[in-house]
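Participant: Here you go, one structure.
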Amino acid sequence: MSEERGSRGRGGKGADKNKGEARPRGGFFRRRRVCKFCADKIDYINYKDVRLLMPFIPERGKIQPRRISGTCALHQRKLQTAISRARQLALIPYVTD
Amino acid sequence: MSQNRQYELVYIVSPETGEQETADLHTQIEHIVQRFNGAIEKSENWGRRKLAYEIGHHREGTYVVETIRGSGELMKEIDRRLRVTDAIIRHLIVRVDEDLRVAERHRETRKASQARRRVARGLPPEPEAGERRGDREMDDDEDRIEGVEVQR
């Protein structure tokens with residue numbers, strides 16, 4: 001949905017053709033907009049797999065929002081539970097200062 | 001029916017605990033599992049690992065993962081036991097069978113639809129090795145972050 005919003009105002013019918021690619025938008029480059037879990041066909045997000053979860057945890061230790069990571073709703077939900085579990089087990093920090 | 005659920009138990013043993021005592025904890029759990037007619041399907045020790053944050057003044061701990069098949073009462077008992085054991089600084093029990101079943105179903109559906117599409121394009125249903133470009137580069141090296149090896 002937000003894809004459409006991004007290309008609005010530039011008026012081109014074919015403007016949203018290059019969906020997946022990073023494109024300038026007010027000088028700001030969009031990150032990849034494909035869900036990593038859909039693309040890599042990961043069905044079960046394992047909470048013990050720190051290497052899988054780490055890209056979704058920016059410096060601060062918060063969970064990266066969907067609008068930035070591009071994760072689909074289903075997988076973001078699964079990711080959320082996986083991260084909470086990993087946090088309980090001290091595999092991932094709750095906060096980093 | 002409820003006897004046949006799969007659980008994953010992860011517990012962190014405090015770093016002061018010796019190898020022998022860690023093994024004892026494992027046998028204790030084994031006894032409880034046997035008493036409730038369950039079965040330990042897999043047990044792995046990750047060894048000593050740094051904790052992401054301090055738990056009760058501990059900075060590291062020994063992680064042990066057990067896959068247990070059994071009933072909810074069994075896990076309740078284990079949970080109670082681990083709670084009162086001082087050597088265990090943290091533990092987590094997760095029921096996994098349903099999630100794994102869902103994942104398995106997803107995989108099957110995808111495989112079936114892939115085969116269907118391939119047949120429609122006049123190709124053999126199974127992709128051959130090396131046919132797809134991404135096959136080799138799939139296990140990416142660039143975002144490797146220090147962590148334990150876990151197989152999915």
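The values are calculated or read from the model by the stated rules, or taken from the named source; none is laboratory data. Just so we're clear, the structure is a prediction, and the values are computed from it rather than from any experiment. Don't worry about glycine lacking a Cβ; one is built from the backbone with ideal geometry, like all the others, and counts go over all protein chains shown.
Participant: Restricting to the stretch A:74-97, give me the number of residues that are of a type in the set (S, T, N, Q), at the interface with another protein chain (Cβ under 9 Å from one of its Cβ atoms) and part of a helix (DSSP H, G or I).
Facilitator: So the answer is 1.
Participant: Something else: Looking at the stretch A:12-35, is at least one residue touching a helix residue (DSSP H, G or I) at 6+ places or on another chain (Cβ under 8 Å) and either at pLDDT 60 or above or within 13 Å of chain B (Cβ to nearest Cβ) (or both)?
Facilitator: yes
Participant: All but one of (1) at pLDDT below 90; (2) under 30 Å from residue B:92 (Cα atoms); (3) surrounded by 13 or more Cβ atoms within 10 Å (Cβ to Cβ) hold for residue A:41; state the number of the condition that does not hold.
Facilitator: Of everything listed in (1) at pLDDT below 90; (2) under 30 Å from residue B:92 (Cα atoms); (3) surrounded by 13 or more Cβ atoms within 10 Å (Cβ to Cβ), residue A:41 misses just condition (3).
Participant: Exactly one condition in (1) at the interface with another protein chain (Cβ under 9 Å from one of its Cβ atoms); (2) surrounded by 18 or more Cβ atoms within 10 Å (Cβ to Cβ) is false for residue B:102; which is it?
Facilitator: (2)
Participant: Under 6 Å between Cβ atoms, at least 6 apart or on separate chains: pull out the pairs that start in the stretch B:1-27 with a residue that is under 17 Å from residue B:43 (Cβ atoms) and end on any residue that is in a loop (DSSP other than H, G, I, E, B).
Facilitator: If the second residue must be in a loop (DSSP other than H, G, I, E, B), the pairs left are B:6/B:96; B:8/B:96; B:10/A:89; B:13/B:87; B:17/B:87.
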